[in-house]
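Peer 1: My questions will all concern the structure given below.
Read-outs: derived from the displayed coordinates by stated rules, not from any lab. Treat the numbers as computed from the prediction; the structure is a model and nothing was measured. Here the Cβ is made from the backbone with ideal geometry for all residues, glycine too, and neighbour counts use every protein chain on show.
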Amino acid sequence: MKKFLNDFNPKIVLIVVIAFLFGWQFGHRDVLVSWQNFKPTVNVTGKEPPKNLNVNFKLFWDTWDLLSKKYIDKAALDPQRMFYGAISGMVSSLGDPYTVFLPPEAQKSTQEDLGGAFEGVGIELGFNKDKRLSVIAPLSGTPADKAGIKPGDMIVKINDKDTSGISLPDAVKLIRGSKGTTVKLSILRENDGVEPKDYTLIRQTIVVKSVEVSYKNAKSKKVAVIKLSRFGERTNDEWSAAVSDVLSQNTQAVILDMRNNPGGFLESAVFIASEFLDGGNVVLQENNEGLKTPFQVNRKGKLLTIPLEILINKGSASASEIVAGAIQDRGRGQLIGEKSFGKGTIQEAQDLDMGTGIHITVAKWLTPNARWVNELGGLTPDIEVKMDPSDSVKDPQLDKALELL
């Protein structure tokens, strides 16, 4: 099982909430289900229901009966979709936008995303404090990035479909699509008026390399700028290769750029932080009983003493906040830029039957000093530097880090 700090949901119609439990109710056997007024033939293979479960399924089947007899579009009554909708409704009833059931198509998209290649426009999605669909970060060089979409932008419509109450998998499904096709996003930006602006984007194949290195000169020092854009399946290997290159270049300082990094795997966050920290805690995991479990430095880092600065902004979320928070709490380096996104929960990903999956929020994560970024509204940088939205060429945040080094 992988633990996520990212990723993926709200409300599906209540009429299908109980279908998932139907399999439990009928145990390890095939049965023929009959009901007054509606007599479907359903082969049910399930498992024993949880102990003390007391649910009357009559309401569910009565509602199914009414839909079957009265709904105008009979072709829309797809039992498989209704079954998945039932599970989704049960999961979304928890009110946590990051606990989500993934039907086969959404599960496939999620795995492709973390694998580093998919077809779409290059947007990492999440929810703001009002649970509205928002851009965590556009991925560098993608159609969304080139169009000027920014972290924190609210997506109010996708192809003229209102996003109020939409789940993350449904939003991903609407935005992604075949290379060369278009998708229209209606974007509402804070402090940019009350009318949304429409962006029509052409989907492309998005291949995301999670680690890239460039080199700058700060007076007499050679500085490595390591751009870390996500914490995916290939990140650890790409990171190790990047560090080897940094060491071979006789580098005298490092800038770790985690701006617009939406997060990913918890294990990868610990791996990256361990490069810079000499022992001790990286992050604390707090369960639903308040028990805190430390995740400690798990290897001997190669960049333990090199001067270090960290770049963050409001697109830095989750796993990137874990690394930044650990560096800040341990006094290993300064955070420069803008306040981070503020996502302090951990999701556990499990594969389920029939090509489906689920992400379940299982814990909070806290910085080594027990700070929870949800309460803080994100990590506050040691040195705040804002970008100039009217100048896409200058990078005052990077310039400030170079000046300090």
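Peer 1: Compare the Cα positions of Asn287, Val393, Asn261 along the charge dipole of the range 211-404 (+1 at Cβ of Lys, Arg; -1 at Cβ of Asp, Glu; about the Cα centre) and return the one farthest towards the positive end.
Peer 2: About the Cα centre, the residue reaching furthest to the positive side is Val393.
Peer 1: Next question. Given 0.36 nm per residue, what is the gain on full extension from Asp351 to Lys69 after removing their alpha carbon distance, in nm?
Peer 2: 98.0 nm
Peer 1: Another one. Which entries of Lys157/Lys343; Lys129/Lys157; Lys302/Lys343 show an alpha-carbon separation above 22 angstrom in the structure shown?
Peer 2: Check vs 22 Å cut-off fails for Lys157/Lys343; Lys302/Lys343.
Peer 1: Just for the Cα atoms in the range 157-210, what are the lengths along the principal axes, largest first, rounded to whole Å?
Peer 2: Largest to smallest, the principal-axis extents are 34, 24, 22 Å.
Peer 1: Turning to a different aspect of this structure: Can you give the helix-only mean residue ellipticity at 222 nm for the chain, where every DSSP H stretch with n ≥ 4 adds -39500 (n - 2.57) and the sum goes over all residues, rounded to the nearest 500 deg cm²/dmol?
Peer 2: -7500 deg cm²/dmol
Peer 1: Relative contact order for the range 49-136: what percent, with Cα pairs under 8 Å and sequence separation of 6 or more?
Peer 2: Across the range 49-136, relative contact order equals 13 percent.
Peer 1: Nearest 5 is fine: what % of DSSP beta bridges in the chain come out antiparallel, could you say?
Peer 2: 75 percent
Peer 1: Do you know the relative contact order of the range 226-307, to the nearest whole percent, from alpha carbon pairs under 8 angstrom that are 6+ apart?
Peer 2: Computed over the range 226-307, the figure is 31 percent.
Peer 1: Per 5 Å bin, what percent of the C-alpha pairs of the range 211-404 does each bin hold, from zero upward?
Peer 2: 1, 8, 16, 21, 20, 15, 9, 5, 3, 1, 0, 0
Peer 1: Further, regarding this structure: If the cut-off is a Cα-Cα distance under 13 Å, which aspartates and glutamates reach Lys197, setting aside same-chain residues fewer than 8 apart in sequence?
Peer 2: Asp153, Asp160
Peer 1: Kindly provide the Kirkwood hydrodynamic radius of the range 64-158 in Å, to one decimal, from all pairs of distinct alpha carbon atoms.
Peer 2: 16.0 Å
Peer 1: Can you compute the charge dipole magnitude of the range 117-207 about its Cα centre, using +1 on each Lys and Arg Cβ and -1 on each Asp and Glu Cβ, nothing else charged? Give it in debye, rounded to the nearest 20.
Peer 2: In debye, rounded to 20, the range 117-207 gives about 180.
Peer 1: Further, regarding this structure: Classify the range 117-207 as rounded, prolate or oblate, taking a ≥ b ≥ c as the square roots of the eigenvalues of its Cα gyration tensor: rounded when a/c is under 1.5, otherwise prolate if a/b is larger than b/c and oblate if not.
Peer 2: In terms of gyration-tensor shape, prolate.
Peer 1: Could you pull out every one of the aspartates and glutamates with an alpha carbon less than 14 Å from that of Lys179, ignoring same-chain neighbours closer than 8 positions?
Peer 2: Counting by Cα, and skipping residues close in sequence, Lys179 has these aspartates and glutamates nearby: Glu119.
Peer 1: Mind putting a number on the dipole of the chain about its Cα centre? Charges go on the C-beta only, +1 for Lys and Arg and -1 for Asp and Glu, and I need it in Debye to the nearest 20.
Peer 2: The dipole magnitude comes to about 240 debye.
Peer 1: Only sites in a loop by DSSP and with at most 10 other Cβ atoms within 10 Å count here; which trypsin sites (Lys or Arg not before Pro) in the range 182-244 make the cut?
Peer 2: Lys219
Peer 1: Let me ask something else. Which value, to two decimals, describes the C-alpha radius of gyration of the chain once divided by 2.2 N^0.38 Å?
Peer 2: 1.09
Peer 1: Can you find, among Ile322, Asn369, Pro381, the residue farthest towards the positive end of the dipole of the chain? Put +1 on the C-beta of Lys and Arg, -1 on that of Asp and Glu.
Peer 2: It is Ile322, whose Cα lies furthest towards the positive end.
Peer 1: Which of the lysines could a cross-linker bridge to Lys69, judged by Cα under 29 Å and excluding same-chain residues fewer than eight apart?
Peer 2: Within reach: Lys11, Lys39, Lys58, Lys161.
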